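The values are calculated or read from the model by the stated rules, or taken from the named source; none is laboratory data. It should be emphasised that the depicted structure is a prediction, and the values quoted were computed from it without experimental measurement. Note: ideal-geometry Cβ built from the backbone for every residue, glycine included; neighbour counts use all protein chains shown. When the accessible area is computed, the model is the full protein with side chains, heavy atoms only, and any ligands, DNA or RNA have been set aside. Shrake-Rupley method; radii C 1.70, N 1.55, O 1.52, S 1.80 Å.
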Amino acid sequence: MRFLNFTGALRHRNFLYFYIGYAVSLTGSWIQTITTAWLVYRITGSGFWLGAVTFAGQIPAFIFAPIGGVLADRCSRKNLVLTTQVILMIQAFLMGVLFMTGMLYIEVIVLLEIFLGMVKAIDVPVRQAFIIDMVEDKDDIHNAIALNSILFNSARLIGPLIAALIISRAGEGWSYFINGVSFTAVVFSLLIMEIKEKILSPVDLPLAGELLEGFDYAFNNAPVFTLIAAGAFFNFLPVMVLYPVFAHDILSGNSGTYGLLVSASGMGALLGALFLANRRSCLGLGSAVSIAAFSLGAGTLVLSFSSSVSAACILCFSVGGATMILNAGSNTILQRICDPAKRGRVLSLWIMAAMGASPLGSFAGGMAANCFGIQPTYLIAGLIGLGGVIILYFYIPSVNKALAENVIC
């Protein structure tokens, strides 16, 4: 295994600016995510509400992500990303103000999470497709995707630790203000960019027509459909969303314990991203995705029997790494094998499947944890995951074949 060449995508001025700004912003976003989850469980003491809030924040992706994909293929991606980042900044400040004034009730949190989910449903597919505009040399695109995954998981590792410190020292409200300020970095990076964007889709085609074209392409391309279906199935499994319940009920811990579990998962995901970045070739990446799916199911099953912080952290580390390889690997394959003119829409459909299934799983997991307990919930989720791996095994060869036929790595 060779070391990752970090100078690849970062030698492009626009990508370097965005990478630095987004690093700050993404860390702030993770601080808010962890704070909201802990706040919800603190004020309600309910796994049901924890799952419901996560559901509210993620279900909009199921509806609006395809629209984001169409916009990514036909509009200025830079302007779209800039707009969504400003809106997310305003939402963070609003939550901080409402908390400080004692008006951040659980019902208000649900409404604000729905709004947040709507904005992110547009932002994510546009931002993924925007990588192509920032990195002019196509040979560096793979490196850019890997660096993006590394950034995401570095923030996932650091953000929870900072959130736990802020919550214990200053309270939840300051986490929201810190996140709001963090968005100024990515907004500034976008403003100073000088970029020539590529709008690949004909602008005279109706929105509905482009949506249908994207759906038709995805559902009639076996490897693409396999990855979209796998994204929906495995992201349905409610694992990370129930960490607060597991930390409190099984490990008898506090926000610090919860932060450890999330950080362990983030460290595993970070190493998973490094593994992907250091692959010499994309060929056979589908096999790595299937192995990751097995590790996710098995890790969740074993976690159901864990009762110590150290064992739980090791298992969360494994689950985090498996989830990263599964999702980032699928993302990389899709970017490599799909028609460039439909890249935004294909990615949006994958995001719709993954992010749409996640809230459904969170809601179901929250109800199950409330009724049966967290350990039986993890046991069932693990068994379901392993069942899905058996089905995936028969379709992965078509994914590897598509890479072999269409990709020069």
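Tabulated values for the structure
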{"item": "Residue match in the stretch 245-264 (condition: in contact with a Gly (Cβ under 8 Å, 6 or more places away or on another chain) and either over 22 Å from Ala163 (Cα atoms) or hydroxyl-bearing (Ser, Thr, Tyr) (or both))", "result": "no"}
{"item": "Within the stretch 381-396, considering residues that are in a helix (DSSP H, G or I) and open to solvent by 80 Å² or more (accessible area, probe 1.4 Å), the one farthest from Val289 (Cα to Cα)", "result": "Leu383"}
{"item": "Yes/no for Ala37 being in contact (Cβ under 8 Å) with a residue 60 or more places away in the chain, assigned to a helix (DSSP H, G or I), farther than 20 Å from Asn254 by Cα and open to solvent by less than 40 Å² (accessible area, probe 1.4 Å)", "result": "no"}
{"item": "Verdict on Ser175 being within 18 Å of Thr83 (Cβ to Cβ), more than 15 Å from the chain's Cα centre (by Cα), at pLDDT 85 or above and not β-branched (Val, Ile, Thr)", "result": "no"}
{"item": "The one condition in (1) in a helix (DSSP H, G or I); (2) under 30 Å from Gly256 (Cβ atoms); (3) open to solvent by 10 Å² or more (accessible area, probe 1.4 Å); (4) not aromatic (Phe, Trp, Tyr) that Ala288 fails to fulfil", "result": "(2)"}
{"item": "Enumeration of residues in the stretch 70-93 that are among the charged types (D, E, K, R) and out of contact with any Ser or Thr (no Cβ under 8 Å at 6 or more places or on another chain)", "result": "Arg77, Lys78"}
{"item": "Sole residue being assigned to a helix (DSSP H, G or I) and closer than 19 Å to Thr35 by Cα, chosen from Gln128, Gln91, Gln85", "result": "Gln91"}
{"item": "Failed condition for Ile167, given (1) closer than 19 Å to Leu88 by Cα; (2) at pLDDT below 90; (3) assigned to a helix (DSSP H, G or I)", "result": "(1)"}
{"item": "Within the stretch 298-326, tally of residues that are surrounded by fewer than 24 Cβ atoms within 10 Å (Cβ to Cβ) and within 23 Å of Gly387 (Cβ to Cβ)", "result": "7"}
{"item": "Condition met for Ser168 (crowded, with 21+ Cβ neighbours inside 10 Å and either of a type in the set (Lys, Arg) or over 21 Å from Ile325 (Cα atoms) (or both))", "result": "no"}
{"item": "Residues that are among the hydrophobic types (A, V, I, L, M, F, W, C), under 24 Å from Ala61 (Cβ atoms) and either open to solvent by 20 Å² or more (accessible area, probe 1.4 Å) or assigned to a loop (DSSP other than H, G, I, E, B) (or both), drawn from the stretch 351-380", "result": "Met352, Met355, Leu360, Phe363, Ala364, Met367, Ala368"}
